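Here the structure is laid out as structure tokens; the discussion comes afterwards.
Values quoted throughout were computed directly from the atomic coordinates according to the rules given, and no laboratory measurement underlies them. Since the structure is predicted, the reported quantities are computational estimates derived from the model, not experimental observations. Reconstructed Cβ throughout: ideal geometry from the backbone, glycine too, with neighbour counts over all protein chains shown.
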Amino acid sequence: MKNILIITIVLFSSVVTRAQTDTSKVEQYCQLIATQKILSNKVSIDIDFGEEKSYWRDTRLKSEDGKIKKFNTIIDAMNYMGRDGWIFINAFPVHWGETEIYHFAFKKQFPKSALNN
């Protein structure tokens, strides 16, 4: 009788543990910011994922080998985001004196369990 009780408790606890797995997804957003480089026809790309910025820590986007990711054009950066699963939402320019800074908004769905918030 004692063995049956222990087996029942073990089986029930495994069912309860499995039922608590959260498979829901959450949309996350990011912003790609493109500015024209001075005296060049290249662009400087910054991708804001909403992380805390620090002057003491390099938060630039890096490739798999640890090198800073460089983009040739805005379209190159947008293609990179698309390959990574980000979906384009909207784009808008911001005028800063004589310079136009272009902002591109993206979204992507992540499993709730993968986020550390």
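Scan region 53-107 for trypsin sites (Lys or Arg not before Pro) in coil per DSSP, keeping those whose Cβ has at most 12 other Cβ atoms within 10 Å, and list them by number. Passing both the DSSP loop test and the Cβ count: Lys53, Arg57, Arg60, Lys67.
Listed values for region 46-53 are Karplus-derived 3J(HN,Hα) couplings in whole Hz (6.51 cos²θ - 1.76 cosθ + 1.60, θ = phi - 60°), namely 10, 10, 9, 9, x, 7, 5, 8, and x replaces Gly and Pro.
I'd like the GluC sites (Glu not before Pro) in region 27-69 restricted to DSSP loop residues with at most 11 other Cβ atoms within 10 Å, sorted by number.
Passing both the DSSP loop test and the Cβ count: Glu51, Glu52, Glu64.
One equal scatterer on each Cα of region 24-114, no solvent, Debye formula: the resulting log10 I(q)/I(0) at q = 0.11, 0.14, 0.19, 0.23 Å⁻¹ is -0.36, -0.58, -1.03, -1.36. Cross-link reach is defined here as a Cα-Cα straight distance under 16 Å, omitting same-chain residues fewer than 8 places apart; for Lys67 the aspartates and glutamates meeting it are Asp46, Asp58. Using +1 at the C-beta of Lys and Arg and -1 at the C-beta of Asp and Glu, which of Ile101, Ala91, Thr59 has the Cα lying farthest in the positive direction of the dipole of region 33-116? Of the candidates, Thr59 comes out farthest on the positive side.
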